[in-house]
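Have a look at the structure below, then the notes.
The values are calculated or read from the model by the stated rules, or taken from the named source; none is laboratory data. Here the structure is a predicted model, which means the values were calculated and not measured. Reconstructed Cβ throughout: ideal geometry from the backbone, glycine too, with neighbour counts over all protein chains shown.
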Amino acid sequence: MGFVGTRLSYRFLKHWYPGGRGVPMSEGDPFRELGISKLELYFGSSQLAELHDKVVVDFGCGTGNNALELVELGCKRVIAVDIQQELLAIGRHEAERRGLSDKVEFVTSYEDKADVVLTTDAFEHFADPAAILRLFGRILTQHGYAMVQFGPTWYHPLGGHLFSVFPWAHLVFTERSLIRWRSDFKSDGATRFEECAGGLNKLTISRWERLIEENGFGQSHYELRPVRAVQALHCWLTRELFTSVVIARLTRAA
């Protein structure tokens, strides 16, 4: 991965993108800012209606926007899971402010049963996505299912997230040079993409499909939504490059 060496690429990044300036990835929640329901956009109102009175785990919840929306949709109980304590604290505060604390719990891990597991914008960040799928298999009830959305995947133009300062920059520059550049404005000591805050596991569409099969799941719904600007070019041959997000409903394989 990456073919432009450390010294040259570091100098380029340091000159043109000091402090991460210009990185085309949103730091906030654009859906909330625009008044759009991310859950409805990706899963549709009919799937969301099925969650009424169910126990739902929001895995990789971040600050809990989805979890709080799930409560308002009528879920019986929502468990919001994330490993970043600072994000969970934000979620707890917002739940208290909105009077929803009795229906949502913010935790760093969960091993009990649930009717549904939901996760958005997270699978490309999990350190061990196979382990997460195995966890889903353990906690889902007999007829339970998982609702999954994630992206961009690794070969997407912005698949490097912070490191995609221009399309496919994360594939042009070496990991070492990108990490060196990042260390100029981030002080967490990360030496690999996987060690950065939130993580980055280089998940591709083909790897996702292998993981699903290997971990005993089927996909009763599977959608690869194209990048809007090049949707006419989106096909099986170009799907790794031009898929915006992956959307799936996972059920236990027969």
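Details
- Flag if LEU203 is assigned to a strand (DSSP E or B), buried (at least 18 other Cβ atoms within 10 Å of the Cβ) and modelled with pLDDT of 95 or more: no
- Subset tally (residues that are of a type outside the set (A, V, I, L, M) and buried (at least 17 other Cβ atoms within 10 Å of the Cβ)) for region 206-224: 4
- The one condition in (1) surrounded by fewer than 21 Cβ atoms within 10 Å (Cβ to Cβ); (2) in contact (Cβ under 8 Å) with a residue 12 or more places away in the chain; (3) within 22 Å of THR119 (Cα to Cα) that VAL246 fails to fulfil: (1)
- Residue that is outside any helix (DSSP H, G or I), among the small types (Gly, Ala, Ser), closer than 18 Å to ASP121 by Cα and touching a residue at least 12 places away in the same chain (Cβ under 8 Å), where the choices are GLY144, GLY218, GLY198: GLY198
Per-residue answers, yes or no, for (1) in contact with a Gly (Cβ under 8 Å, 6 or more places away or on another chain); (2) assigned by TED's automatic domain parsing to the domain that holds THR120; (3) aliphatic (A, V, I, L, M):
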position: PHE173; (1), (2), (3): yes, no, no
position: GLN219; (1), (2), (3): no, yes, no
position: LEU224; (1), (2), (3): no, yes, yes
position: THR238; (1), (2), (3): no, yes, no
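- Yes/no for SER183 being hydroxyl-bearing (Ser, Thr, Tyr) and over 17 Å from THR153 (Cβ atoms): yes
- Hits in region 50-72 - residues which are closer than 15 Å to THR141 by Cα and surrounded by 24 or more Cβ atoms within 10 Å (Cβ to Cβ): VAL56, VAL57
- Hey, VAL78 assigned to a helix (DSSP H, G or I), surrounded by 21 or more Cβ atoms within 10 Å (Cβ to Cβ), touching a Lys or Arg at 6+ places or on another chain (Cβ under 7 Å) and modelled with pLDDT of 80 or more or not: no
- THR120 vs. criteria at pLDDT 95 or above, of a type in the set (Ser, Thr, Tyr) and closer than 16 Å to LEU39 by Cβ: yes
- Checking each residue in region 232-254 for being over 22 Å from the mean Cα position of the chain (by Cα) and more than 11 Å from ILE205 (Cβ to Cβ) picks out ALA232, LEU233, CYS235, LEU237, ALA253, ALA254.
- Qualifying residue in region 113-124 (condition: in contact with a helix residue (DSSP H, G or I) (Cβ under 7 Å, 6 or more places away or on another chain), part of a strand (DSSP E or B) and hydroxyl-bearing (Ser, Thr, Tyr)): yes
- For ASP188, the test of being out of contact with any His (no Cβ under 9 Å at 6 or more places or on another chain), farther than 28 Å from ALA253 by Cα and not in a helix (DSSP H, G or I) is passed.
- Output for region 183-195, where each listed residue is under 27 Å from GLN149 (Cα atoms) and touching a residue at least 12 places away in the same chain (Cβ under 8 Å): ARG192, PHE193, GLU194
- Residues satisfying the stated conditions in region 148-192, i.e. among the small types (Gly, Ala, Ser) and surrounded by fewer than 21 Cβ atoms within 10 Å (Cβ to Cβ): SER183, SER187, GLY189, ALA190
- A single entry from LEU34, LEU51 fulfils the requirement of being over 14 Å from the mean Cα position of the chain (by Cα), among the aliphatic types (A, V, I, L, M) and at pLDDT 90 or above: LEU51.
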